[in-house]
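Okay, so here's the structure we're looking at.
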Amino acid sequence: MEEAYHVPVLLESSIEHLKLGDGSGTWMDATFGGGGHSKVILQNLNSEGLLFGFDQDPDATHNAIDDHRFTLVEANFRYAKQFLSHNGVKKTNGILADLGVSSHQFDTAGRGFSLRMDGPLDMRMNHEAGISAAEYIADCTWEELMVVLRMYGEVKRPDRIARAIVAAREENPITTTGELVRILSKMAPGGRENKFYAQIFQALRIEINDELSALRDLLEQATDLLEHGGRLVVISYHSLEDRLVKHYMRSGNFEDKIEQDIKGKVLAPFKPVVRKAICASAEEVLFNPRARSARLRVAERTDFLPKPC
């Protein structure tokens, strides 16, 4: 059941800001997971409305919804435009993306995402494709690992951490989450150990799954996929994701370079709907602690047409 697989974050706010209207049109859930958001979207669609869900994790297929209005696409959302086109869809009325790791992925020791349980050092969103975190650590240079830790983990002294991991692998292969934590424990700051470990795990996960590049692809494709007035709703869980979303929604580029016409009108494909990111209430955080770091941003497609590259 969905409740055991994943507890959807900011459910009411995300559905409200999609503006489903009379329930017609075509909609996209870029991160289907346990189907929590998708089920509520379908409840608000009429008989002619359509919903496409995307998820690269094979485990998510067990949650597929038996509804003639729903199609589950077993692929990363970065390929949305390609798969929607294959299904005869050129434009959508709204796109929702709940980024990050699902409750199911965190709570399954064999996936290697959690600090709480010892398991294989995997970390792949699609555990049937690509290389695992263990394989990456076994083959990368310390310089490559240092860059990943600095860029995606934003840790202090990434060079020291990278050298320690590479030195440890020379003695024994690092194949489990527990082994990696034991190596890191010698460098963890007192009182902040879990945050330190989480930063390292985050950095490796982002690298293994190419998460930020995939997010850039989704945001850029949303420009073409959304009708004028269509809503883009994105929930992110760390500053690297949130920064990309905020900049693109505000300026239409990831450098946040805002262009204006001679009258001062911003020339961008999106207009932010909320000035600040929406956060979970204290009540929701108490019920679902993973909502604590969630940031929801909303933008509406303008009539601006970017120049072809």
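Taking Ala162, is it surrounded by 14 or more Cβ atoms within 10 Å (Cβ to Cβ), farther than 24 Å from Thr108 by Cβ and either without any contact (Cβ under 8 Å) to a residue 12 or more places away in the chain or assigned by TED's automatic domain parsing to the domain that holds Pro58 (or both)? Spelling it out, it is not the case that Ala162 is surrounded by 14 or more Cβ atoms within 10 Å (Cβ to Cβ), farther than 24 Å from Thr108 by Cβ and either without any contact (Cβ under 8 Å) to a residue 12 or more places away in the chain or assigned by TED's automatic domain parsing to the domain that holds Pro58 (or both). Among the residues of region 251-290, those identified as charged (D, E, K, R) and in contact (Cβ under 8 Å) with a residue 40 or more places away in the chain are Glu284, Arg290. Given the criterion assigned by TED's automatic domain parsing to the domain that holds Arg169 and either surrounded by 24 or more Cβ atoms within 10 Å (Cβ to Cβ) or within 24 Å of Phe287 (Cα to Cα) (or both), identify the matching residue among Arg124, Arg116. Step by step, each of Arg124, Arg116 is checked, and only Arg116 is assigned by TED's automatic domain parsing to the domain that holds Arg169 and either surrounded by 24 or more Cβ atoms within 10 Å (Cβ to Cβ) or within 24 Å of Phe287 (Cα to Cα) (or both).
For region 67-96, name all the residues that are under 20 Å from Val40 (Cα atoms) and among the hydroxyl-bearing types (Ser, Thr, Tyr). The answer is Thr71, Thr92. I'm checking my understanding of the structure. Among residues of region 204-228 that are of a type in the set (Gly, Ala, Ser) and out of contact with any strand residue (DSSP E or B) (no Cβ under 6 Å at 6 or more places or on another chain), which one is surrounded by the fewest Cβ atoms within 10 Å (Cβ to Cβ)? Per the criteria, the residue is Ser213. So, Gly191, is that one on the phi > 0 side of the Ramachandran plot, assigned by TED's automatic domain parsing to the domain that holds Gln82 and without any contact (Cβ under 8 Å) to a residue 60 or more places away in the chain or not? So Gly191 does not fit the description; no. Checking each residue in region 131-145 for being buried (at least 16 other Cβ atoms within 10 Å of the Cβ) and touching a residue at least 60 places away in the same chain (Cβ under 8 Å) picks out Ser132, Ala133, Tyr136, Ile137. When the helices (runs of 4 or more DSSP H) confined to region 77-176 are screened for residues that are β-branched (Val, Ile, Thr) and in contact with a helix residue (DSSP H, G or I) (Cβ under 7 Å, 6 or more places away or on another chain), those reaching at least 2 such residues are found at 158-171. Given the structure, is Thr61 in contact with a Gly (Cβ under 7 Å, 6 or more places away or on another chain), of a type in the set (Ser, Thr, Tyr) and in the same structural domain as Ala291 (by TED's automatic domain parsing)? Taking the combined requirement at face value, the residue does not satisfy it. Ala4 meets all of the listed conditions (1) surrounded by fewer than 19 Cβ atoms within 10 Å (Cβ to Cβ); (2) at pLDDT 95 or above but one, namely (2). The condition of being more than 19 Å from Asp224 (Cα to Cα), basic (Lys, Arg) and in contact with a helix residue (DSSP H, G or I) (Cβ under 9 Å, 6 or more places away or on another chain) holds for only one of Arg243, Arg292, that being Arg292.
Among the residues of region 228-254, how many are assigned to a strand (DSSP E or B) and under 16 Å from Ala97 (Cβ atoms)? Of the residues in region 228-254, 7 are assigned to a strand (DSSP E or B) and under 16 Å from Ala97 (Cβ atoms). The listed residues are Leu51, Leu42, and the only one of them that is part of a helix (DSSP H, G or I) and out of contact with any Cys (no Cβ under 9 Å at 6 or more places or on another chain) turns out to be Leu42.
The values are calculated or read from the model by the stated rules, or taken from the named source; none is laboratory data. Computed from a predicted structure; not experimentally measured. Methodologically, a virtual Cβ is constructed for each residue, glycine included, from the backbone with ideal geometry; neighbour enumeration extends over all protein chains shown.
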